[in-house]
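Please see the structure below; I have some questions.
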Amino acid sequence: MNKKDVLLGFLIGIATTLIGSYLFITFFTEFTFIGGIEIMKSQGNLGKLITLGSILTLIAFGILLKMNKEIMARGVVLAVIALAILTLFI
């Protein structure tokens, strides 16, 4: 059960980052989501977009800690570390 909780936390971390990136593109740019990602990638700002999208992950982390789901919160931290490594290579 421990591995399932870590995996679920990892998926929560990735999902909240995608949702945060979507919200950033739709509210603060005039592009659609896919068009915004393509433009950000061509400008070299895709790593910054992922970083801004990760702000919602902090909220998910806090909620999981409040609910005493430390193992899931560990999965969220793992997702943030994986995304940080990904942004280094983009």
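Just one of the numbered conditions (1) part of a helix (DSSP H, G or I); (2) open to solvent by 50 Å² or more (accessible area, probe 1.4 Å) is not true of residue 31; which one?
(1)
Can you tell me which residue in region 14-28 is least open to solvent (accessible area, probe 1.4 Å), limited to those that are farther than 18 Å from residue 75 by Cα and of a type in the set (A, V, I, L, M)?
25
So, one more: Can you tell me how many residues in region 47-90 are outside any helix (DSSP H, G or I) and open to solvent by less than 50 Å² (accessible area, probe 1.4 Å)? Full working, then the answer.
The first filter runs over region 47-90 and keeps only residues outside any helix (DSSP H, G or I), leaving 54, 67-69, 90.
If we keep only those that are open to solvent by less than 50 Å² (accessible area, probe 1.4 Å) as well, we get 54.
Within region 47-90, residues that are outside any helix (DSSP H, G or I) and open to solvent by less than 50 Å² (accessible area, probe 1.4 Å) number 1.
Is region 1-12 home to any residue that is over 30 Å from residue 69 (Cβ atoms), more than 16 Å from the chain's Cα centre (by Cα) and open to solvent by 100 Å² or more (accessible area, probe 1.4 Å)?
No, region 1-12 has no match at all.
I'm trying to understand the selection: among the residues of region 34-46, which are open to solvent by less than 60 Å² (accessible area, probe 1.4 Å) and aliphatic (A, V, I, L, M)?
Residues satisfying the conditions are 37, 39, 40, 46.
The values are calculated or read from the model by the stated rules, or taken from the named source; none is laboratory data. Model, not experiment: these values are computed from the prediction. Reconstructed Cβ throughout: ideal geometry from the backbone, glycine too, with neighbour counts over all protein chains shown. Note: accessible area is taken over every heavy atom of the protein model, side chains too, but ligands, DNA and RNA are not part of it. Shrake-Rupley method; radii C 1.70, N 1.55, O 1.52, S 1.80 Å.
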